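Let me begin by presenting the structure, written as structure tokens, before commenting on it.
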Amino acid sequence: MKTCGLCSLKTGCYLVALYTIILGVLLLGFNGYEWHFGGGYENWSHITSVIFAIALFFAGGCLFLGLRKNSNALVGVWTVIFLIYVVVQIAYIIYGIVNWISYYDSIPASVRQSRLANIIVFAILIVFNLWCLATVRSYRSGGISGMNIVV
């Protein structure tokens with residue numbers, strides 16, 4: 001990949017860094033909604049969401065700095081954190097679907113609605129997250145070493 005849609009690969013990576021931070025905010029938003037309406041239902045998922053939101057804020061900052069300073073190590077930090085996030089996100093979606101099907105009647109209605117929204121939104125975002133990983137991987141493999149990408 002030499003470009004990122006209509007912009008250069010480096011600009012696309014800056015957009016990915018911004019998206020990573022926005023994704024952390026979205027994760028906190030869904031977590032807050034679920035915490036408010038779901039009460040104490042599955043507290044482990046709330047704690048995991050907050051940890052990943054903080055990790056995504058950190059990763060987005062690392063990607064911004066890595067692009068700015070042409071640091072392959074900082075871009076690598078984003079790659080590792082984001083890859084772990086995507087794997088956990090896929091596992092969480094599978095768990096959510098199984099939980100939705102298995103325990104539909106015993107889950108409170110407000111939690112069911114929140115879970116369904118989480119499953120739909122984050123399942124759609126998986127495709128975009130994989131595209132983000134491919135964009136940053138392309139930049140790491142050619143962008144930093146070549147240093148000839150125009151912003």
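Since every read-out is calculated from the coordinates, none of them should be taken as a lab result. Remember, it's a predicted structure, so these values are computed and weren't measured experimentally. All Cβ positions, glycine included, derive from the backbone under ideal geometry; neighbour counts span all protein chains shown.
Worth a mention:
- Ranked by how many other beta carbons lie within 10 Å on average, peptides 92-104, 110-122 from highest: 110-122, 92-104
- The stretch 88-148, Cα convex hull volume normalised per residue, Å³: 78 Å³
- Considering only alpha-carbon pairs that sit under 8 angstrom and 6 or more positions apart, the relative contact order computed for the stretch 8-146 is 33 percent.
- Under a model in which nothing but the beta-carbon of Lys, Arg (+1) and Asp, Glu (-1) is charged, the stretch 8-146 shows a dipole of about 580 debye around its Cα centre.
- Seen through its C-alpha gyration tensor, with square-root eigenvalues sorted a ≥ b ≥ c, the stretch 8-146 comes out prolate because a/c lies at 1.5 or above while a/b is bigger than b/c.
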